[in-house]
Amino acid sequence: MADYKKILFGVDGGVATLTFNRPDRSNAFDDEMTAETLDALKQIERDASIRAIVLTGAGKNFCAGQDLVTFVEGRQKDKQFTLREHLLHGYNRIVTKIRTIEKPFVAAVNGAAAGAGLGICCACDMRYVSENAKFRMAFIGIGLAPDSGTSFLLPRLIGYGRALEMAMTNELLDAQEAFAAGLANKVFPPDELMEATMTMAKQLANAPTRGIGLTKRAFNRALVTDLEGALDYEAYAQNIAVATQDHQEGLSSFLEKRSPVYQGK
């Protein structure tokens, strides 16, 4: 494993845990943390032994988005700086990786998730949250438009009207409000969050990984197509799934009335 300074990264029993580790800055991103996160995601994508991923934050918060102090310093130092390039090479790549890596990502949201932190949270496949969790779009609070996939992902999780209200008013959702809106899958007391998240991650790590990956593909495609297109892509994905070793194991275990042992192949 790489020697990271702004994130923590480890693998145990097929589950990788990536922890944003700038607790003194509410785990806000600077350029180094962005680069380290992208590097860890590359490892996750390439390592077949990793079959589920937990994303969380050190300390009291999940991720406050962009570190505005380093952001302003960067703009002052580099007169060629553009926010578009910053997004294209940073958060856009992180969000895209999480959505397209064909392994399950579970966010353990231990505190505030705001701005790009909310976008990364929304990009995960599930969101287990602490009772202390809080969610805010945050962009309009400093006169900016949405980024990091929030304009695409948040409306699909909680509905267009509710998401637009959050974006325009900078409204804060607490954990129970997030659960009621559909943003949080489950809510836990703070001291139970990581244990519950790891239990789910281990369950997913022992599931048919190829089938989960194809499920992510199908859901991603269905977000941007019509019913006919979704049906056609399901048939395409199913044709791949039926040829996997995990399907053969699932079928054999069903017929033999035993528990399946999936290898993620």
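Couple of notes before you dig in:
- Considering residues of the range 51-105 that are without any contact (Cβ under 8 Å) to a residue 60 or more places away in the chain and of a type in the set (Val, Ile, Thr) only, the residue farthest from Thr199 (Cα to Cα): Thr82
- Within the range 122-205, helices (runs of 4 or more DSSP H) holding 1 or more residues that are within 14 Å of the chain's Cα centre (by Cα): 150-158, 193-205
- One residue from Val129, Val109 being among the β-branched types (Val, Ile, Thr), touching a Phe, Trp or Tyr at 6+ places or on another chain (Cβ under 6 Å) and at pLDDT 95 or above: Val109
- Residues of the range 138-153 that are of a type in the set (Gly, Ala, Ser) and crowded, with 21+ Cβ neighbours inside 10 Å: Ala138, Ser148, Gly149.
- Thr150 passes every criterion in (1) assigned by TED's automatic domain parsing to the domain that holds Ile44; (2) out of contact with any helix residue (DSSP H, G or I) (no Cβ under 6 Å at 6 or more places or on another chain) apart from (2).
- Yes/no for Val109 being β-branched (Val, Ile, Thr) and closer than 24 Å to Ile212 by Cβ: yes
For every residue, the table says whether it meets (1) in contact with a Phe, Trp or Tyr (Cβ under 8 Å, 6 or more places away or on another chain); (2) surrounded by 13 or more Cβ atoms within 10 Å (Cβ to Cβ); (3) among the small types (Gly, Ala, Ser).
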position: Leu18; (1), (2), (3): yes, yes, no
position: Met33; (1), (2), (3): yes, yes, no
position: Leu41; (1), (2), (3): no, yes, no
position: Ile50; (1), (2), (3): no, yes, no
position: Gln76; (1), (2), (3): no, no, no
position: Thr82; (1), (2), (3): no, no, no
position: Ile101; (1), (2), (3): no, yes, no
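- Per-region count, the range 124-137, residues closer than 20 Å to Arg22 by Cβ, surrounded by fewer than 24 Cβ atoms within 10 Å (Cβ to Cβ) and out of contact with any Pro (no Cβ under 7 Å at 6 or more places or on another chain): 3
The values are calculated or read from the model by the stated rules, or taken from the named source; none is laboratory data. Values in this document were obtained by computation on a predicted structure and should not be read as measured data. Ideal geometry is used to build each Cβ from the backbone, glycine not excepted, and the neighbour counts take in all protein chains shown.
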